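Below is one structure; the comments refer to it alone.
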Protein chains: 2
Amino acid sequence: MPAAELIELWRGDMLESAHRGHAVVWDRGGMVESWGEPGTVIFPRSSCKMIQALPLVESGAADAAGLTDEHLALACASHQGARIHVQRVAAWLDGLGMAEGDLRCGAHMPPDPAESRLLICSDESPCQLHNNCSGKHAGFLTWTRHHGAGPEYHQPDHPLQQSIRAAFEAVTGEPSPGYGIDGCSAPNFATSVAGLARAMARFAGAEDGGGPVNADRGGLRRSAMARLTRAMAAHPALVAGEGRACTNLMRAMGGQVAVKTGAEGVFVAIAPARGMGIALKIVDGATRASEAAITALLVRHGLLAPDHPVVGACLTDPLRNCRGVEVGALRLADGFSPAR
Amino acid sequence: MPAAELIELWRGDMLESAHRGHAVVWDRGGMVESWGEPGTVIFPRSSCKMIQALPLVESGAADAAGLTDEHLALACASHQGARIHVQRVAAWLDGLGMAEGDLRCGAHMPPDPAESRLLICSDESPCQLHNNCSGKHAGFLTWTRHHGAGPEYHQPDHPLQQSIRAAFEAVTGEPSPGYGIDGCSAPNFATSVAGLARAMARFAGAEDGGGPVNADRGGLRRSAMARLTRAMAAHPALVAGEGRACTNLMRAMGGQVAVKTGAEGVFVAIAPARGMGIALKIVDGATRASEAAITALLVRHGLLAPDHPVVGACLTDPLRNCRGVEVGALRLADGFSPAR
């Protein structure tokens, strides 16, 4: 099946632009519903950071390093390089006896307004701590140090990435057809939209297996999945930052649902109370459409109040120009309705 | 006909995202070729600023105010609010005995790095001169003052906008089905992709009718079209700015071709030597795709050297992450080839 029309941009009373995509909702009973082609292979990009963090928790490396839920939220984060992110990651590395130079994520200007203003106006360059993936990489370093593995942890043949691939294929329930190199230089394993939704449903359905004292691998995995989901939902500001859709959506759902965006129009949700996982990919990679589509699906499944301000911000509020004049609006395409 | 696949984003050896669109190439003989559905109605957005500037020139208002080609290039510009733009528009308004407060475009932070740094680090707010459309609006004010029309020149029922609509429908060869309000609060009249390409071909085929001394309206229009095209091609930095695709593409073509981008994935080209006009719209509104697609079409028609660095920057160079690692590339979709 081809991609489905999901989100439209209207200007006045005419359609101006449109976004197609693939979306899958999965729960304990299997696939609940889908739009587009569930078998479409995609790169989850940053939406799968909670999967990439499984070896960190399952191996005992997280506990050995005394990581808290804040650390685990940062390991799953695409943060915007605000002080709250940069300082915590710096302290995390310091606790490992490591430093910014041990990261392999590279540096980019942080989107956080205050931090970027600080850098721009002092003519300073951003460092690797500012990289939106620095928490994920701090988790990678924690695993590497715990296992005495080599420093080039981002290489696809590094034992950490092999361990991540095994976990990724196990929770998606599919062999990965391959990987691409992500913005942070780590491999990003491909899977189908259905596979990503299945993985999110497994995170949602995970029950605490008692943590590392439980020697059963299945129990360990379930425990790790539940712990990472709780950490994300409990620390929305660490997973993204002020003003960001992930943070605002998780706050709006009161810690009951974890959501995560990924570059190129990917978004996922984990709803433990419903054992439900959601995954979607906008074909053209537009973030405005992935944010609008996940918002619509969260409302559709009763996980997000339709009248919450974040629904307006991501989907229903009129679009205004720089003089505040209403110029248009996002709309759900026919057949992609929030009502069930 | 549905939209055609035009531009793909590949990560490693897998397709990650894709952009569909409609593109039409027109010359003196009519439609040369097309992709997608030429009849698709779109908002040209800023790609039609040279059409919106026709009344300014045809009415004699431009000459009465002593406007130069630099002014006309700014009237057709989506500039990035650099000093070279802001100072010229400020001087233009001063020459009219008007000021920034007479503009109705609104203010937004300029993308120009130096100017935005200046504003951010001095805690100053941008003014309306920084708006990418301030040159277009200075042209609007020049027409308004010349005709003694009211100050709310951006209202759809203002005689200026009625005059623009008449010119727009004449050069596109189609009645406009309606308008939307643009980011600068002026009406933006809709037309088909074919209509926009036809209009660009008319600009390309315009011969200098001798300017305002020629009382023939047809001659006046041809003169105005030729003059605006020359002004754009002669002043690439005023039409957009350093680092911008419009500026780099026009520089690469040595003033022989005028190109103009428009929000939501629109791009047009005017090639006088060939009497050729090009118009394209990316359905999802992505600028990366509209820039890649117009580059491919300019190369395809021998207007742009395939080995020029701007072709690499807009289309063929590998995509690298913040560590300089090659992660992917843009590709032309099958059936959208630069070779003829």
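The values are calculated or read from the model by the stated rules, or taken from the named source; none is laboratory data. Being a predicted model, the structure only gives us computed values, none of them experimental. Cβ sites come from the backbone with ideal geometry, for glycine too, and all protein chains shown count toward neighbours.
Criterion first (modelled with pLDDT of 95 or more and away from chain B (no Cβ under 14 Å)) does A:Leu238 satisfy it?
Against the criterion (modelled with pLDDT of 95 or more and away from chain B (no Cβ under 14 Å)), A:Leu238 qualifies.
Among the residues of region B:31-62, write down those that are within 14 Å of chain A (Cβ to nearest Cβ), more than 20 Å from the chain's Cα centre (by Cα) and crowded, with 21+ Cβ neighbours inside 10 Å.
If the condition is that a residue be within 14 Å of chain A (Cβ to nearest Cβ), more than 20 Å from the chain's Cα centre (by Cα) and crowded, with 21+ Cβ neighbours inside 10 Å, then B:Gly36 is the only one that fits.
In region A:228-242, how many residues are crowded, with 24+ Cβ neighbours inside 10 Å and among the β-branched types (Val, Ile, Thr)?
1
Considering only residues that are within 11 Å of chain A (Cβ to nearest Cβ) and surrounded by fewer than 18 Cβ atoms within 10 Å (Cβ to Cβ), which ones fall in region B:91-113?
Across region B:91-113, the qualifying residues are B:Met109, B:Pro113.
For the condition within 14 Å of another protein chain (Cβ to nearest Cβ) and buried (at least 24 other Cβ atoms within 10 Å of the Cβ), what is the one hit in B:Val283, B:Val268?
B:Val283
Regarding region B:66-89, can at least one residue be identified that is over 30 Å from B:Leu220 (Cβ atoms), surrounded by 18 or more Cβ atoms within 10 Å (Cβ to Cβ) and of a type in the set (Ser, Thr, Tyr)?
No, region B:66-89 contains no residue that is over 30 Å from B:Leu220 (Cβ atoms), surrounded by 18 or more Cβ atoms within 10 Å (Cβ to Cβ) and of a type in the set (Ser, Thr, Tyr).
Given (1) over 24 Å from B:Gly66 (Cα atoms); (2) touching a residue at least 24 places away in the same chain (Cβ under 8 Å); (3) aliphatic (A, V, I, L, M), identify the lone condition not met by B:Leu141.
Against the list (1) over 24 Å from B:Gly66 (Cα atoms); (2) touching a residue at least 24 places away in the same chain (Cβ under 8 Å); (3) aliphatic (A, V, I, L, M), B:Leu141 comes up short only on (1).
Taking region A:8-30, which residues are surrounded by fewer than 23 Cβ atoms within 10 Å (Cβ to Cβ), within 30 Å of B:Leu280 (Cα to Cα) and more than 9 Å from chain B (Cβ to nearest Cβ)?
The answer is A:Glu8, and nothing else.
In region A:228-250, what residues are under 15 Å from the mean Cα position of the chain (by Cα) and among the charged types (D, E, K, R)?
Those that are under 15 Å from the mean Cα position of the chain (by Cα) and among the charged types (D, E, K, R): A:Arg230, A:Arg244.
Mind listing whichever residues of region A:288-308 are away from every other protein chain (no Cβ under 14 Å) and touching a residue at least 40 places away in the same chain (Cβ under 8 Å)?
Correct list: A:Glu291, A:Ile294, A:Thr295, A:Ala296, A:Leu297, A:Leu298, A:Arg300, A:His301, A:Leu303, A:Leu304, A:Ala305, A:His308.
Within the bounds of region A:301-319, is there any residue that is surrounded by fewer than 19 Cβ atoms within 10 Å (Cβ to Cβ), among the small types (Gly, Ala, Ser) and either within 18 Å of the chain's Cα centre (by Cα) or not in a helix (DSSP H, G or I) (or both)?
yes
Those residues that are within 12 Å of chain A (Cβ to nearest Cβ) and farther than 18 Å from B:Leu6 by Cβ, I need them from region B:309-321; list them, please.
B:Pro318, B:Arg320, B:Asn321
Of the conditions (1) on the phi < 0 side of the Ramachandran plot; (2) in contact (Cβ under 8 Å) with a residue 24 or more places away in the chain, A:Gly241 fails just one. Which one is it?
(1)
Say whether the condition of being of a type in the set (S, T, N, Q), under 25 Å from A:Ile282 (Cβ atoms), more than 14 Å from chain A (Cβ to nearest Cβ) and in a helix (DSSP H, G or I) is met by at least one residue in region B:245-254.
no
Look at region B:223-251 and say how many of its residues are among the basic types (Lys, Arg) and under 16 Å from B:Lys49 (Cα atoms).
2
Restricting attention to region B:203-235, report how many residues are at pLDDT below 70 and among the small types (Gly, Ala, Ser).
Looking only at that region, the number is 5.
When you scan region B:322-336, how many residues do you find that are of a type in the set (Gly, Ala, Ser) and either surrounded by 17 or more Cβ atoms within 10 Å (Cβ to Cβ) or more than 14 Å from chain A (Cβ to nearest Cβ) (or both)?
Qualifying residue count, region B:322-336: 3.
Does region A:256-295 hold any residues that are part of a loop (DSSP other than H, G, I, E, B), among the small types (Gly, Ala, Ser) and either closer than 21 Å to A:Val25 by Cβ or in contact with a Leu (Cβ under 9 Å, 6 or more places away or on another chain) (or both), and which are they?
A:Gly265, A:Gly275, A:Gly285, A:Ala286 - these are the residues of region A:256-295 that are part of a loop (DSSP other than H, G, I, E, B), among the small types (Gly, Ala, Ser) and either closer than 21 Å to A:Val25 by Cβ or in contact with a Leu (Cβ under 9 Å, 6 or more places away or on another chain) (or both).
A quick yes/no check of all residues on (1) out of contact with any helix residue (DSSP H, G or I) (no Cβ under 8 Å at 6 or more places or on another chain); (2) on the phi > 0 side of the Ramachandran plot; (3) without any contact (Cβ under 8 Å) to a residue 24 or more places away in the chain; (4) not charged (D, E, K, R):
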| position | (1), (2), (3), (4) |
| --- | --- |
| B:Cys121 | no, no, yes, yes |
| B:Cys133 | no, no, no, yes |
| B:Gly148 | yes, yes, yes, yes |
| B:Asp157 | yes, no, yes, no |
| B:Arg165 | yes, no, no, no |
| B:Ser176 | no, no, yes, yes |
| B:Ser185 | yes, yes, no, yes |
| B:Ala197 | yes, no, no, yes |
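Looking at (1) in contact with a Gly (Cβ under 8 Å, 6 or more places away or on another chain); (2) among the small types (Gly, Ala, Ser); (3) modelled with pLDDT under 95, can you tell me which one A:Ala199 breaks?
That leaves (3) as the condition not met.
Could you list, in sequence order, the residues of region B:166-205 that are among the β-branched types (Val, Ile, Thr) and within 20 Å of B:His22 (Cα to Cα)?
Residues satisfying the conditions are B:Val171, B:Thr172, B:Thr191, B:Val193.
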